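This report concerns only the one structure given below.
The values are calculated or read from the model by the stated rules, or taken from the named source; none is laboratory data. As the structure is a computational prediction, the values presented were derived from the model and not from experiment. Using ideal geometry, Cβ is built from the backbone for each residue, glycine included, and neighbour counts are taken over all protein chains shown. These area figures cover heavy atoms from the full protein model, side chains too; ligands, DNA and RNA do not enter into them. Shrake-Rupley method; radii C 1.70, N 1.55, O 1.52, S 1.80 Å.
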Amino acid sequence: MSATPTREGATPVAACPISLELNGRTRQLEVYPWTTLLDLLREQLQLTGTKKGCDHGQCGACTVLLNGKRINSCLTLAIMHDGASLTTIEGLAEGDELHPMQAAFVEHDAFQCGYCTPGQICSAVGMIAEGRANGRDDIREQMSGNLCRCGAYPNILAAIEDAASETRERLSAVQQVKP
Amino acid sequence: MNPFSYARPAAVDEAIGLFRPDSRYIAGGTNLLDLMKENVTRPTQLIDITRLPLHDIEETADGGLRIGALVSNADLAWNPLVEARYPLLSQAILAGASPQLRNMATTGGNLLQRTRCYYFYDSTTPCNKREPGSGCSARDGLNRIHAILGHSDSCIAVHPSDMCVALAALEAQVIVQGTGGERRIAFADFHRLPGDAPERDNTLADGELITAIELPAQGFASNSAYLKVRDRASYAFALVSVAAALELDGDRIVSARLALGGVAHKPWRKPEAETVLVGKVANEAAFDEAASLLLAGASGFEHNAFKIDLARRSIARALGEAAKGASR
């Protein structure tokens with residue numbers, strides 16, 4: 001690793017080894033304690049699908065699935081997730097076959113500039129897994145952690161509604177394979 | 001972020017033993033890391049407590065619930081026992097933050113989140129909470145989201161939590177552990193008013209760790225309501241919030257709990273605003289009387305005086321919803 005950053009008077013801190021199951025592949029990585037999960041993905045692993053919007057947990061563009069649950073990757077440290085399973089937007093499709101939520105976003109033109117889209121899609125998949133969204137009002141409320149500055153909300157809502165049942169089926173199929 | 005060292009203890013005693021004055025415990029990290037990015041908090045060591053065995057929700061011998069400090073806000077809100085017995089707590093949690101944040105944020109951390117006063121976050125401005133003695137920029141600045149009760153010359157910030165407003169109304173206890181062993185803090189005594197030491201949000205000693213929250217058996221499940229008023233429909237901090245809980249005999253009030261959020265440095269309760277309701281018929285006149293007592297002494301600033309009236313009406317509405325019952 002390169003020279004270790006230190007703070008005046010502080011003991012030098014070395015990068016630490018962690019293991020992550022990232023999009024189905026086990027990865028051995030070295031991270032500094034202050035590296036956020038988002039910076040690990042974008043800067044160290046070149047997985048730039050996950051976006052840095054506000055970097056303060058306010059916009060949801062950095063949403064990923066940590067052990068199946070949606071979180072803001074900008075507000076957590078990579079080093080804290082040694083041994084975790086992580087799914088990013090790059091890990092949703094199966095080969096060339098889009099995840100139903102991705103396909104529905106294309107079908108419904110659920111974006112304009114596209115910057116918030118990876119976070120919207122990961123968040124929507126996480127929301128379906130939570131099993132608490134029944135109807136449009138619930139979806140609106142439970143997707144409120146993902147902002148779209150282009151205002152594509154009506155189409156985002158339509159895409160999520162459309163893909164909900166297929167996403168549920170896929171999630172339960174995965175659970176049956178992995179007890 | 002500034003460099004810092006990192007430790008991941010496996011036991012509570014070990015975590016407490018690692019603590020030095022410039023350490024911080026980290027669990028969900030959703031507020032702490034934000035504060036570190038803004039240079040508001042600059043620890044030289046983070047102690048990762050997420051592997052400590054504090055993840056369970058258990059029933060207590062007296063019919064209450066003990067919630068481990070590391071239970072996530074989402075898991076707590078959706079726990080079947082909490083939904084059935086303490087719907088006020090579920091509602092309050094789900095009114096706060098976003099689903100992503102609630103998946104990471106923990107029970108203990110929710111209590112320790114810091115104010116969202118703009119000036120506290122902006123290290124180019126004076127702020128007595130961030131830099132004791134530097135002054136308060138909010139008193140004569142943008143103070144729409146600030147306190148109307150319990151503020152001091154040195155600080156007019158509010159505590160931002162929704163969950164804590166419900167915990168105050170439910171009279172939870174905070175279980176903490178330090179080098180001297182374990183102690184219990186009544187929820188009303190956990191957070192403090194700013195006075196002339198606004199840098200202290202609560203009554204924890206240095207290095208003390210929250211291990212659990214305990215709820216008493218009385219959850220007011222049939223007649224409670226959490227009302228949050230904010231600038232947008234979702235994912236915003238409260239301008240005013242109300243946790244209202246009633247025990248009713250027909251339409252007569254047997255006991256009442258009332259706590260406000262978004263108006264003070266801590267969840268705001270007054271015993272006289274609750275006892276005045278006892279024995280009365282649950283109607284608007286009684287609710288208005290309680291509101292007047294709870295808001296006694298309120299005073300606003302240039303941009304937030306509207307909150308006094310807003311709080312008065314919100315209290316009456318929340319009590320009305322609580323009286324109507326769980327069918328709402």
Selected residue (only one of A:LEU40, A:LEU86, A:LEU77 is within 13 Å of chain B (Cβ to nearest Cβ), open to solvent by less than 10 Å² (accessible area, probe 1.4 Å) and farther than 14 Å from B:GLN100 by Cα) | A:LEU77
Report the residue count in the range B:108-123 for those that are in contact (Cβ under 8 Å) with a residue 60 or more places away in the chain, part of a helix (DSSP H, G or I) and either of a type in the set (Phe, Trp, Tyr) or within 13 Å of chain A (Cβ to nearest Cβ) (or both).
-> 3
Members of the range A:140-173 found to be under 18 Å from the mean Cα position of the chain (by Cα) and within 12 Å of chain B (Cβ to nearest Cβ), listed by number | A:GLN142, A:MET143, A:SER144, A:GLY145, A:ASN146, A:LEU147
For the range B:81-99, does any single residue satisfy the condition of being part of a loop (DSSP other than H, G, I, E, B), in contact with a helix residue (DSSP H, G or I) (Cβ under 9 Å, 6 or more places away or on another chain), within 30 Å of B:PRO3 (Cα to Cα) and open to solvent by 10 Å² or more (accessible area, probe 1.4 Å)?
-> yes
Hey, any hits in the range A:104-114 for a residue that's farther than 19 Å from A:ALA61 by Cα and more than 11 Å from chain B (Cβ to nearest Cβ)?
-> yes
Restrict the check to the range B:186-204 and report whether at least one residue is out of contact with any helix residue (DSSP H, G or I) (no Cβ under 7 Å at 6 or more places or on another chain) and under 17 Å from B:LEU65 (Cβ atoms).
-> yes
Does B:ALA105 count as at pLDDT 95 or above and touching a Phe, Trp or Tyr at 6+ places or on another chain (Cβ under 8 Å)?
-> no
Which of the residues that make up the range A:105-118 are in contact (Cβ under 8 Å) with a residue 60 or more places away in the chain and touching a helix residue (DSSP H, G or I) at 6+ places or on another chain (Cβ under 8 Å)?
-> A:PRO118
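Here's the yes/no breakdown for (1) touching a residue at least 60 places away in the same chain (Cβ under 8 Å); (2) closer than 22 Å to B:PRO267 by Cα:
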residue: B:ASP62; (1), (2): yes, no
residue: B:LEU65; (1), (2): yes, yes
residue: B:PRO80; (1), (2): no, no
residue: B:TYR86; (1), (2): yes, yes
residue: B:ILE93; (1), (2): yes, yes
residue: B:GLY96; (1), (2): yes, yes
residue: B:THR106; (1), (2): yes, yes
Residue in the range B:55-73 that is farthest from A:LEU77 (Cα to Cα), counting only those that are open to solvent by 20 Å² or more (accessible area, probe 1.4 Å) and part of a strand (DSSP E or B) | B:GLU59
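This table checks each residue for (1) under 29 Å from B:ALA61 (Cβ atoms); (2) touching a helix residue (DSSP H, G or I) at 6+ places or on another chain (Cβ under 8 Å).
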site: B:ALA221; (1), (2): yes, yes
site: B:TYR235; (1), (2): no, no
site: B:VAL240; (1), (2): no, yes
site: B:ALA244; (1), (2): yes, yes
site: B:ARG252; (1), (2): no, no
site: B:SER255; (1), (2): yes, yes
site: B:ALA259; (1), (2): yes, yes
Please go through the range B:18-29 and pick out each residue that is in contact with a helix residue (DSSP H, G or I) (Cβ under 8 Å, 6 or more places away or on another chain), of a type outside the set (A, V, I, L, M) and not in a strand (DSSP E or B).
-> B:GLY28, B:GLY29
Matching residues in the range B:220-230 (within 17 Å of the chain's Cα centre (by Cα) and not hydrophobic (A, V, I, L, M, F, W, C)) number 3
Collect the residues in the range A:55-74 that are surrounded by fewer than 24 Cβ atoms within 10 Å (Cβ to Cβ), within 7 Å of chain B (Cβ to nearest Cβ), free of Cβ contacts under 8 Å to residues at least 60 places away in the same chain and within 19 Å of A:GLU130 (Cβ to Cβ), keeping them in residue-number order.
-> none
Check whether at least one residue in the range B:89-96 is touching a Ser or Thr at 6+ places or on another chain (Cβ under 6 Å) and more than 14 Å from chain A (Cβ to nearest Cβ), and report yes or no.
-> no
Does A:GLY114 qualify as being open to solvent by 40 Å² or more (accessible area, probe 1.4 Å), more than 23 Å from B:ARG102 (Cα to Cα) and of a type in the set (Gly, Ala, Ser)?
-> no
Considering only the range B:100-129, state which residues are open to solvent by 40 Å² or more (accessible area, probe 1.4 Å) and basic (Lys, Arg).
-> B:ARG114, B:ARG116
What residue, among those in the range B:182-201 that are part of a loop (DSSP other than H, G, I, E, B) and surrounded by fewer than 20 Cβ atoms within 10 Å (Cβ to Cβ), is nearest to the chain's Cα centre (by Cα)?
-> B:ARG192
Determine which member of the set B:LEU52, B:LEU33, B:LEU76 is outside any helix (DSSP H, G or I), touching a helix residue (DSSP H, G or I) at 6+ places or on another chain (Cβ under 8 Å) and either open to solvent by less than 10 Å² (accessible area, probe 1.4 Å) or within 12 Å of chain A (Cβ to nearest Cβ) (or both).
-> B:LEU52
Kindly indicate which of B:LEU204, B:LEU246, B:LEU209 is more than 16 Å from the chain's Cα centre (by Cα) and over 17 Å from B:LEU89 (Cα atoms).
-> B:LEU209
Criterion violated by A:LEU92 - all others in (1) open to solvent by less than 40 Å² (accessible area, probe 1.4 Å); (2) more than 14 Å from the chain's Cα centre (by Cα) satisfied = (2)
Of B:ARG102, B:ARG20, the only residue that is within 11 Å of chain A (Cβ to nearest Cβ) and among the basic types (Lys, Arg) is B:ARG102
When the range B:1-17 is checked residue by residue, the ones that are part of a loop (DSSP other than H, G, I, E, B) and either basic (Lys, Arg) or at the interface with chain A (Cβ under 8 Å from one of its Cβ atoms) (or both) are B:MET1, B:ASN2, B:PRO3, B:PHE4, B:ARG8
